[in-house]
Each structure stands twice: as structure tokens, then as C-alpha cells.
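The values are calculated or read from the model by the stated rules, or taken from the named source; none is laboratory data. Predicted model only: the values in this text are computed from it and were never measured. Cβ placement follows ideal geometry from the backbone for every residue including glycine, while neighbour counts extend to all protein chains displayed.
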Amino acid sequence: MRDHIYIAPLFCLLITCALAHAQPGLSSIREQDVRKDLFNMADDHFRGREAGTLDELKVSMWLADQAKAAGLKPAGDDGTYFQFFSMARNRISPASRITIGDHALSIGQDVLLPVTAPASLDAPLLFLRKEDTARADVSGKAVVLAASPQGLDLNVSLSIRRYPALMARRYATSLISRGAAAVIFIADSLAEGGWALNNSYFSRGSYDIPGGPNEHIPPRSPILWLHHDALDWIRQPGLSLHASLYVQQFEYPSVNVIGMIPGTDPSLSKEYVLFSGHQDHDGIHPFPGTDSIYNGADDNASVSVALLAIARAFNKAPGRRSALFVWHGAEERGLLGSRWYAAHPTVPASAITAVLNGDMIGRNTGDSAALLGVVPPHRNSTDLVKMALSANQQGPRFLLDTTYDKASHIEGWYFRSDHLPYARAGIPALFFTSLLHPDYHTPRDEASRIDTKKVARIAEWMYRTGWTVANTDARPAVDPGFRLER
Ligand SMILES: [Zn+2]
């Protein structure tokens, strides 16, 4: 026993020394820092950090201050930590008019418009049972259907918010392609329960970066949702839908926050390991039974503060390659910040050797996590995957879920975070996450529900992976023939 007492500490000391030598910044990743930063960033003070609002700009200032304190050098535009870009927002204009018979319908209150597009029409109503939609002649008609979730797969995240889109995909797309002038769904109890929440999202409209497919929206046959009690009057014969829908366009600023720890090698320091997360979240929306501020503690304050911890580790001991940190703006509006940065990087695109992106790393069981970009067709660099898997074995030894990385997975999780534009641009890219949970995109995604120990351990895993990339002579290669198709 005594021997053990003497030998064990010596043995541990040697092991610790060897590991510390391998990743000399590890001790700078501390749960207490992660915890403090997380509670600050996910506070009501930032009002949900919605892109295109002052709240996102406010949290970006806060992040830049933290990045500076962590030792990062500014790596945005003009010697600052910031890269501003424009978002093009389109929304249905309040000047739009909708009437059915002599019912003037107020947008938001009486009618929901899930699709933001201009339209001008005057069409007779045709009330159909769902089983008759495949055969009926719908040309020039405003087709009315009673909504029900029958036959839809609602066993997905955010099912209340996705319900209108799932109904549209199931019925409206084909009716409109066969000439329907409009499709009107009559709300069931599921749609009524989600009315206020969906109205809050629909009224925002749609967003894109300049040059993106949704910057300018062409006219489309509209889809309308009416309250359940419209059944009291909508079946009387001879009614027509009159709709004049106008779209307003705004330009809003969003911003990426960017910092760097220069590498030590005279030549390799001109190459970069890019650590990525997003600082924005979903703002303020009504939600039954809770407060209305979406603090996004997991999504994505967790990764934002993990990046600060990784920055401290590289600041303590830089790698041979430079470490680049990008907190993307407007991820929740369609990966806008990462799409912008991947197209307009502040370092040469060819010098970005790998992108290690994280999104939501603080929930679910402490011993499990997921790495996406590992299972074909999502895997774009076998070299990078090997580095990340071996970093997991050296360090936190998470049990890894691989199901979410499969192309057949219903959530399409791989396509829902900021590594995607980089992978599309041919840069080796991975996505670290602790996956979905019931509080996802609700006001219940609060700091008090985050496993900060787990956040620190995933930060450690991302750091170990990035450290290997930064210090290995050869940069990770892109697998030949990589093609991303959903
Ligand atoms: Zn996210």
C-alpha cells in the first residue's frame, strides 16, 4: 500500500507532464470561467440576441471585449474585431389587403401568411376534402382545406412551428403547381395553439445576405391560415378571395466577431485553424407558460464561451499555425454570418486549414456528445476526422452519437449550423454538438439548465483537435470526390 502511495503520485506527475507538453494550454480551460461567461451571455440583459437588432450588436461588443481580455488580436475589418455585413429582410407590408366575401381579414389577427411573397389575385373559393385534393380541377381556384396532422411526421423538433410548412409540403405545393391561385388552411387545435408563436415568426418575414436567393422575392400563389371559426362562414357558396400582398424590403446590419492568436512558425503561421460558433439567437417571442426571452444558453452561448476558453488556451501557448476565432452573426436567420465569412474571409480562404464549429454543447448526459461530418456523405476530410476522434480518446472520451450524422436522419442536423458554408467551399469542417433537447428554441434554454462541466470538456476536445491541426506538418486533406447533397 505504501509503495502505491509513493509511486502513484510520481506516475501521475509524469503522465500529466507529458500531456501538458502535448497541449500546453489545457489548464486555461476552466469550468468556472465557462460558467461565469455563460451566465453573462445568456442573461435577459441581451434580450435573446436577435440578429438585425441592437441586442445582437450589444452582445457582439461584449464578446469583442471578452476576446480582447482572452488575448485575441483583432482579425476583422480595418484592425477591429468586427466584420459588418448587410442582411436583406423582406416582410409582408402592413398595406397589404385580404378579403373573403365581405370579411376583411387582418394579417396576424385573422390570417397568417407563412410565405413572404408578393401576390395579387381574385379567385373563387373551392372547399375540398383532403382526400379529393389529388383529383380536383383546382385551376384558378383558392382551395380551402381543413388542416389536420394526420399522415404528417410531427415527431421532430419545433413541431408546432414546422406544422404549417409540413402541411404546405403535403398539400399546397402540388395544388399550386396544378394551377391553384391560393391555398387556405383552416386551423385545427394544433395550429390554434401555435398561432401566436407562428405569427411572431411569420411577421419577421425572411432574411438573406445580398446576392442570396431570398434577397428579391418573386410573386407566388399565397398560402393562408384562417382561424377554426372561419368554418362558420367560409362554406357559403359564391365566395371569392381578394388578396393584394406587398413586400417591404429592409437592410439591416449584422456582424461577425473575429480574433486571432498568431502562430509561432514563420511559415505555418500564415495558415489558420478556424474555431467557429454563433453569437445570435432568436430574440423575443410569446411562448405558452414561460417568459418570452429566448436566452439561447445552449444555442449558442455555450459554444461562444467555449471559444473564449479555447482562446485563453492558445494565448497561453500558441500553436505553429495561427488560431482564428469567428463568432458568426445571424446564424438563426439562415447561416448568414458564416455564408458571408466563407465568401469574404478576412484571411485568404486557401489559408483556412480546418473549421471546427460548435453549436449547442451543454445539454444531455454528461458522458455523451456528437461529431458531425464523420459519416459519408457529410465527411469531407478523413484526416480531420481522425484528429478529432483521437483528441476525444486522449481527452474527454465522450460516447459519440453517429445517428444524427446520417443523411437519412429526419432532423437534417448536419445542414443546420455554421460549418456548412465552409464545407461547401471545400474546407475540411466538423460540427461538435451535444444535440437536441426539449428546450431547444424555447425560452427555457436558460443558463441554469446548462451542464457547464460538459461545456468545458467539449471546449477541451475542440482545443485538443485544433492543437493537433495547428501543429501537424501536413494540413488535413479534403477527401476526393466530396459532394454535399441532401
Ligand atoms: Zn445554434
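Pairs are defined by a Cβ separation below 8 Å, a sequence spacing of at least 6 or placement on different chains, a first member in the range 171-184 that is in a helix (DSSP H, G or I), and a second member that is at pLDDT below 95; the pairs so defined are Tyr171/Lys130; Tyr171/Thr133; Ser174/Thr133; Ser174/Ala134; Leu175/Thr133. Looking only at residues in the range 212-240 that are of a type in the set (Val, Ile, Thr) and touching a Leu at 6+ places or on another chain (Cβ under 9 Å), which one is nearest to Tyr163 (Cα to Cα)? The extreme case among them is Ile223.
Of everything listed in (1) within 17 Å of Gly259 (Cα to Cα); (2) in contact with a Ser or Thr (Cβ under 8 Å, 6 or more places away or on another chain), the single unmet condition for Ser60 is (2). May I ask you to verify whether Ala64 is over 20 Å from the mean Cα position of the chain (by Cα), outside the structural domain of Leu307 (by TED's automatic domain parsing) and either assigned to a loop (DSSP other than H, G, I, E, B) or crowded, with 17+ Cβ neighbours inside 10 Å (or both)? Spelling it out, it is not the case that Ala64 is over 20 Å from the mean Cα position of the chain (by Cα), outside the structural domain of Leu307 (by TED's automatic domain parsing) and either assigned to a loop (DSSP other than H, G, I, E, B) or crowded, with 17+ Cβ neighbours inside 10 Å (or both). Ala425 falls short of the stated requirement of being over 21 Å from the mean Cα position of the chain (by Cα) and touching a residue at least 40 places away in the same chain (Cβ under 8 Å).
Residues that are aliphatic (A, V, I, L, M), surrounded by fewer than 24 Cβ atoms within 10 Å (Cβ to Cβ), touching a residue at least 24 places away in the same chain (Cβ under 8 Å) and on the phi > 0 side of the Ramachandran plot: does the range 313-326 have at least one? No: zero hits. Please enumerate the residues belonging to the range 123-178 that are β-branched (Val, Ile, Thr) and closer than 26 Å to Gly193 by Cα. Those that are β-branched (Val, Ile, Thr) and closer than 26 Å to Gly193 by Cα: Thr133, Val143, Val144, Val156, Ile160, Thr173. Which of the residues spanning the range 286-303 are assigned to a loop (DSSP other than H, G, I, E, B) and within 16 Å of the ligand (Cβ to nearest atom)? Answer for the range 286-303, where residues must be assigned to a loop (DSSP other than H, G, I, E, B) and within 16 Å of the ligand (Cβ to nearest atom): Tyr294, Asn295, Gly296. Say whether the condition of being within 14 Å of the ligand (Cβ to nearest atom), in contact with a His (Cβ under 7 Å, 6 or more places away or on another chain) and either over 26 Å from Trp340 (Cβ atoms) or not aliphatic (A, V, I, L, M) (or both) is met by at least one residue in the range 391-408. Taking every residue of the range 391-408 in turn, none turns out to be within 14 Å of the ligand (Cβ to nearest atom), in contact with a His (Cβ under 7 Å, 6 or more places away or on another chain) and either over 26 Å from Trp340 (Cβ atoms) or not aliphatic (A, V, I, L, M) (or both). Here is a check on your reading of the model: is Ser267 within 16 Å of the ligand (Cβ to nearest atom), within 30 Å of Arg321 (Cα to Cα) and hydroxyl-bearing (Ser, Thr, Tyr)? No.
When the range 351-369 is filtered for residues that are over 16 Å from Asp418 (Cβ atoms) and either without any contact (Cβ under 8 Å) to a residue 12 or more places away in the chain or of a type outside the set (D, E, K, R) (or both), the ones remaining, listed by number, are Ala351, Thr353, Gly362, Asn364, Thr365, Gly366, Ser368, Ala369. Among the residues making up the range 75-120, those that are hydroxyl-bearing (Ser, Thr, Tyr) and part of a loop (DSSP other than H, G, I, E, B) are Thr80, Tyr81, Ser93, Ser96, Ser106, Thr116.
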